[in-house]
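> Please find one structure pasted underneath; my questions will follow.
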Amino acid sequence: MSCEACKKQKFEKVCRILEEHQADKSNLIPILHAVQREYRYLPEEILTYIATSLKMPPAKVYGVASFYAHFALEPKGKYVIHVCDGTACHVKGSIAILEAMQGKLGLDKEKCTTDDQLFTVETVSCLGACGMAPVITINEDVYGLVTPEKAGNLIEEILEKEKA
Amino acid sequence: MIAATVNLESIKENYLKALEKTQRQIVVCAGTACVANGSLKVFEAIKEQVEKKDLNVSVKLESDKDADVVMAKTGCRGFCQVGPLVTVRPQEYHYVRVKPEDAAEIVESSVADDKPVERLLYSDPATGNTCKTTKDIPFYTRQKRTVLDECGKIDACNIEEYISHEGYFAARKAFTQMQPQQIYDEVLESGLRGRGGGGFPTGKKWALTLPQPGEKKYVICNGDEGDPGAFMDRSLMEGNPHRVLEGMMIAARAIGADEAYVYVRAEYPLAVSRVSEAVRDAEALGILGDDVFGTGESLKIKVLEGAGAFVCGEETALIASIEGRRGMPNPKPPFPAQSGLWGRPTCINNVETLATVPLIIQHGAEYFKSMGTENSAGTKTFALTGHVANTGLIEVPFGLTLREIVFGIGGGVTDDDGNIFEDGFKAVQCGGPSGGCLTEEHLDLPIDYDNLRNIGAMVGSGGLVVMNKKTCMVQIAHFFMQFTQNESCGKCVPCREGTKQMLRLLEDIIEARATLETIDLLERVASAVSKGSLCGLGKTAPNPVLTTLKYFRDEYTAHVVHGKCPAGQCKAFAMPEIDPEKCIGCGLCKKKCPVDAIEGEKKQPHVIDQDKCIKCGACAEACKFNAVIGM
């Protein structure tokens, strides 16, 4: 596979990622991971480009991207908040935390990202930190023993920081 | 025959010599829970204090370097409830809930001097005793840590330290002194069964893979721990990744594979990076590579990141995912042992299973069989969570009772605020979405594979979620059904449609739309899904519903017949009323009510119009005098 076609700057990063993975079909999932790390989601034209480069039907690539929960097909906010809804967190009240944050940011089940693209609030099945349930993560940081109030304060803190 | 490439004995000897020269070791837990509580800041603060003392501090003990104080970050120590945890060696002082501000005192008293910092030691709430080391803490003394033994004690990223604990000695024995058949015979003899949930004898699995035709075979380590409420695989991969690799090496030798994969959940970034680092370190020492222990055998291990699909815990779905496809399972047979990754014979084992193997090869099958019960040998790690005083990761021999786990190790049941809730025990959900509920009548049942299966639950991956009397069991069943319905891959109809219908029926019960027929129908659909589904996810999806129906049927009937939620959790059955004694007529609830269901004059007790009320609870939230009752 040659990357001569990718003169456009937009595809430069994808080309590099494809080269790192020998443009091999069996590396599709690692490729999608790398692309998502770069763009924070999987833009449609990039998925099509990956399909062409790997000589796969775009539907197959889309099929894989949409199957796994970790891959996002819509842009996400700058701060991605994951509310853990594993069993331990659930019995300790994770839904109240989710609802508190959704209420504060004007989000709901259907609408996960704020209009200013600052926050995305989603649930995940388990973060594996059940000893500190209920748990949320904001990007890479893990917060344990969260209450609806504490969650609200965390959002306030971020808003303050963004204003400054 | 000992390889010229790597001399484990000399690495061990040099490391121990360097250790002897070190006066103190300060070990900070860097498991996920402790990190969330700020243990990395504690680490930096202590390091700064040690440096202030003009001591020579090293963050990694290396055999060719001298240091006065060695600091290390370990994996999870299990006692997550009281983190961040710090241990000072050689005295083994075990500090709990350490804050960066405590650093100076720790260094002053237990490094420069020899005394423990009393206020940071764990105090046993039952006896009031102060526990200097883990040997005094009931949470630890009642356990038998073998697989987890080094997890939390050693620096996960220091291969020399692992070798100094005789790490990779078992792998070397397997490669240089044992034939493949001897290895699987030993594992079969030990009685080790798969720790991922199924409980299939590991030795048998290997014995099936070895005689398959073809040169190319694969070993896969299943680190796609998707069970909500379980984190033992995570802790092992983060806390002792070399142990997992060593198990994989032995498995590869037993089945004749020269390539292996570790498939790790994407939600576990720390596990991904630690396992990858461990592979690189083992390759650098020549333990992995083209000439394993000088035998001329080759073994390469690759680390792959999953992408968030619970169904990938299924062998065939996991294989599809490694091949770059949607993680959908295939009917068995053919079994992966016959035709797995890229059509080659493949052996898939769970992380904990593989981490157990080096113990068996090193100490023999008899040693392993001496722990546990007749049909379930050895120990099992459990993630003890939920409404229990001591949450965390534990390891106990099979055969221990639930009572010993929940009340002995776990320290008893708690209420929502974390205080001990006498007589509050209601149930333990065991084995995640594939498992079932254990109740008071099972408290004295010795836990093993067969006993749990007989009562409709399973060991599963080992999540134990304790629930108190304030938990609604119908809601718990609904919670698991929501999970399996979300995670169903959609390939087969019984699972795709059946779980959806079960979820609807459960919603009807919770939202007060159900009758007794709903429960009958729910049971019938459950049995159809269980019989007709293609893979383990669908086959076991009805378990939480079936076991709650079996042991908490009266709770279901209370919902549909008496229109009541005994735990008081289902909003649909709430009957909010205003206590005229407490109401001062401030009018706040009236103002907040979105449907104008509250009436009353100022300074007079208010009343809720039950016909208009939508039971949203806004009034109860608004009332400052707790006058709204029945919510």
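The values are calculated or read from the model by the stated rules, or taken from the named source; none is laboratory data. Owing to the predicted nature of the structure, the values given are computational and were not obtained by experimental measurement. Please note: Cβ atoms are built from the backbone with ideal geometry, for glycine as well, and neighbour counts cover all protein chains shown. We work out accessible area using only protein heavy atoms, side chains counted, and drop any ligands, DNA or RNA first. Shrake-Rupley method; radii C 1.70, N 1.55, O 1.52, S 1.80 Å.
> Out of every Cα-Cα pair in the protein assembly as shown, what percent are more than 36 Å apart?
Numbers: 151881 of 315615 pairs.
It works out to 48 percent of all Cα pairs.
> Give the residue list of GluC sites (Glu not before Pro) in the stretch B:184-216 that are DSSP loop and have at most 10 other beta-carbon atoms within 10 angstrom. Let's see the in-between values first.
Numbers: sites: B:Glu186, B:Glu189, B:Glu215; in loops: B:Glu215.
Of the GluC sites (Glu not before Pro), the ones in loops of the stretch B:184-216 whose Cβ has at most 10 other Cβ atoms within 10 Å are B:Glu215.
> Give the accessible surface of the protein assembly as shown per residue, rounded to a whole number of Å², with probe radius 1.4 Å and ligands, DNA and RNA excluded.
Roughly 42 Å² per residue, with all protein chains present.
> Compute the angle between helix B:516-532 and the longest alpha-carbon principal axis of chain B, please, reported from 0 to 90 degrees and rounded to the nearest 10.
20 degrees
> Based on the alpha-carbon gyration tensor of the stretch B:129-236 and its eigenvalue square roots a ≥ b ≥ c, which shape applies: rounded if a/c is under 1.5, prolate if not and a/b is larger than b/c, or oblate?
prolate
> Something else about it: Mind listing, in residue-number order, the residues in the stretch A:100-147 that have at least 30 Å² less accessible area with every protein chain present than in their own chain alone (1.4 Å probe)?
Going by heavy-atom accessible area, the residues of the stretch A:100-147 that drop by at least 30 Å² are A:Ser125, A:Cys126, A:Leu127, A:Gly128, A:Cys130, A:Gly131, A:Met132, A:Val142.
> How much of the accessible area of the stretch B:159-370, in percent, comes from carbon and sulfur atoms when a 1.4 Å probe is used?
49 percent
> Just to confirm the filter: which trypsin sites (Lys or Arg not before Pro) across the stretch B:197-250 are DSSP coil and have at most 14 other Cβ within 10 angstrom of their Cβ?
B:Lys216
> Counting only C-alpha contacts under 8 Å and six or more residues apart, can you give the relative contact order of the stretch A:3-67 as a whole percent?
Rounded, it is 27 percent for the stretch A:3-67.
> I'd like the per residue volume of the convex hull spanned by the Cα atoms of chain A, given in cubic angstrom.
Taking the convex hull of the Cα positions in chain A, it is 133 Å³ per residue.
> Would you list B:Asp224, A:Asp115 from the most to the least accessible area, probe 1.4 Å?
Details: B:Asp224 15, A:Asp115 135 Å².
Greatest to least solvent exposure: A:Asp115, B:Asp224.
> Looking at the protein assembly as shown, what % of its DSSP beta bridges pair antiparallel, to the nearest 5?
Around 55 percent of the beta bridges assigned by DSSP in the protein assembly as shown are antiparallel ones.
> Counting other C-beta atoms within 10 Å, and keeping those with at most 16, which DSSP coil GluC sites (Glu not before Pro) do you find in the stretch A:43-149?
The qualifying sites are A:Glu110, A:Glu140.
> Keeping every protein chain in place, order A:Arg16, B:Arg265 by accessible area at 1.4 Å, biggest value first, i.e. largest first. Mind showing how you got there, number by number?
On the way: A:Arg16 110, B:Arg265 15 Å².
The most accessible residue leads, giving A:Arg16, B:Arg265.
> In addition: Using only atoms on other chains, find how many Cβ atoms lie within 10 Å of each Cβ of peptide A:61-74 and report the average.
The mean count of partner-chain Cβ atoms within 10 Å per residue comes to 4.
> Next question. Given labels modelled 7 Å from the Cα in the Cβ direction, how far is it in nm from A:Glu156 to B:Gln177?
Result: 6.5 nm between the two label points.
> If you restrict to DSSP beta bridges whose two residues both lie in the stretch A:1-138, what percentage is antiparallel, to the nearest 5?
Numbers: 4 of 10 bridges.
Restricted to the stretch A:1-138, the bridges split so that about 40 percent are antiparallel.
> List every residue whose amide H lies under 5 Å from the amide H of B:Ser488, counting only residues 5 or more places away in sequence or on a different chain, with H placed 1.01 Å from N in the peptide plane.
Here the answer is none, since no amide H 5 or more places off falls under 5 Å of that of B:Ser488.
> How would chain B be classified by its alpha-carbon gyration tensor: rounded, prolate or oblate, with rounded meaning a/c under 1.5 and the a/b versus b/c comparison settling the rest?
It comes out oblate by the Cα gyration axes.
> Moving to a separate point now. So what are the ³J(HN,Hα) numbers for the stretch B:576-587, from phi and the Karplus equation (6.51, -1.76, 1.60; θ = phi - 60°), rounded to whole Hz, Gly and Pro as x?
Couplings: x, 9, 10, 6, x, 5, 8, 5, 9, x, 6, x Hz.
> May I pose another question? Round to the nearest 10 and give me the degree value, 0 to 90, for the angle of helix B:269-284's Cα axis relative to the longest principal axis of chain B.
Long axis of B:269-284 versus the principal axis of chain B: about 10 degrees.
> Continuing with the same structure: Which three extents, in whole angstrom, do the alpha-carbon atoms of the stretch B:545-631 cover along their principal axes, largest first?
Its Cα atoms span 51, 22, 18 Å along the three principal axes.
> Quick one: which of B:Lys550/B:Lys571; B:Lys173/B:Lys302; A:Lys104/B:Lys591; B:Lys135/B:Lys380; A:Lys92/B:Lys332 span more than 30 angstrom between C-alpha atoms?
Where the Cα-Cα span goes over 30 Å, the pairs concerned are A:Lys92/B:Lys332.
> Roughly how big is the A-B contact, given as buried accessible area in Å² (both sides, 1.4 Å probe, nearest 100)? Intermediate results must be reported in sequence, preceding the final value.
Values: alone 9860 and 26190 Å², together 33050 Å².
Answer for the A-B pair: about 3000 Å² buried.
> How would you classify the stretch B:397-515 from its alpha-carbon gyration tensor, with a ≥ b ≥ c the square roots of the eigenvalues: rounded for a/c under 1.5, else prolate if a/b is greater than b/c, otherwise oblate?
Working: a/c = 2.51, a/b = 1.47, b/c = 1.71.
Oblate shape, in that a/c is at least 1.5 and b/c is the bigger or equal ratio.
> Filter B:Lys47/B:Lys115; A:Lys111/B:Lys470; B:Lys205/B:Lys300; B:Lys17/B:Lys369 down to the pairs with a C-alpha to C-alpha distance above 28 Å, please.
From B:Lys47/B:Lys115; A:Lys111/B:Lys470; B:Lys205/B:Lys300; B:Lys17/B:Lys369, over 28 Å: A:Lys111/B:Lys470; B:Lys17/B:Lys369.
> Same structure again: So, in nm, how far is label B:Trp342 from label B:Leu443 when the simple model puts each one 7 Å beyond its Cα toward the Cβ?
Distance between label points: 5.6 nm.
> Relative contact order of chain B, please, whole-number percent, based on alpha carbon pairs below 8 angstrom and at least 6 residues apart.
RCO, chain B: 11 percent.
> In whole Hz, what ³J(HN,Hα) sequence does the stretch A:24-38 give by Karplus (6.51, -1.76, 1.60; θ = phi - 60°), x for Gly and Pro?
Whole-Hz 3J(HN,Hα) from phi for the stretch A:24-38: 9, 3, 5, 8, 4, 5, x, 5, 4, 4, 5, 5, 5, 4, 6.
> Under the definition of partner shielding as Cβ atoms of other protein chains within 10 Å of a residue Cβ, what is the mean value for peptide B:302-309?
If you average over the peptide's residues, the count of other-chain Cβ atoms is 5.
> Just how far, in whole angstrom, is the stretch B:561-625 from the stretch B:116-185 if you go by their alpha carbon centroids?
The distance from the Cα centre of the stretch B:116-185 to that of the stretch B:561-625 comes to 55 Å.
> Can you check what the net charge comes to around B:Ile255, using other residues whose Cβ is under 10 Å from the Cβ of B:Ile255 (Lys, Arg +1; Asp, Glu -1)? Walk me through the numbers on the way to the answer.
Values: positive: B:Lys205, B:Lys217, B:Arg253; negative: none.
Taking every Cβ under 10 Å from that of B:Ile255, the sum is +3.
> Take peptide B:224-237, look around each residue's Cβ out to 10 angstrom, count Cβ atoms belonging to other protein chains, and average those counts.
On the way: counts 0, 2, 5, 5, 13, 11, 6, 8, 1, 1, 5, 2, 0, 0.
Shielding by partners across B:224-237 averages 4.
> Right, next: Averaged over every viewing direction, what's the projected area of the C-alpha convex hull for the stretch A:3-67? Give it in nm², one decimal, please.
Across all orientations, the stretch A:3-67 yields a mean hull projection of 3.9 nm².
> Give me the net charge of B:Ile584's neighbourhood, meaning all other residues with Cβ under 13 Å from the Cβ of B:Ile584; Lys, Arg count +1, Asp, Glu -1.
Result for the neighbourhood of B:Ile584: +2.
> Related question: Counting DSSP beta bridges in the stretch A:79-163, what percent are antiparallel, to the nearest 5? Display every interim value, and only then the final one.
On the way: 7 of 13 bridges.
For the stretch A:79-163, the DSSP antiparallel bridge percentage is about 55.
> With +1 on each Lys and Arg Cβ and -1 on each Asp and Glu Cβ, how big is the dipole of the stretch B:177-324 about its Cα centre, in debye rounded to the nearest 20? The partial results should precede the final answer.
Details: 14 positive and 23 negative charges, 45 e Å.
Magnitude of the dipole: close to 220 debye.
> When you take every Cα atom in the stretch B:365-413, what is the radius of gyration, and what is Dmax, the widest Cα pair distance, in Å?
So, for the stretch B:365-413, Rg and Dmax equal 12.0, 37 Å respectively.
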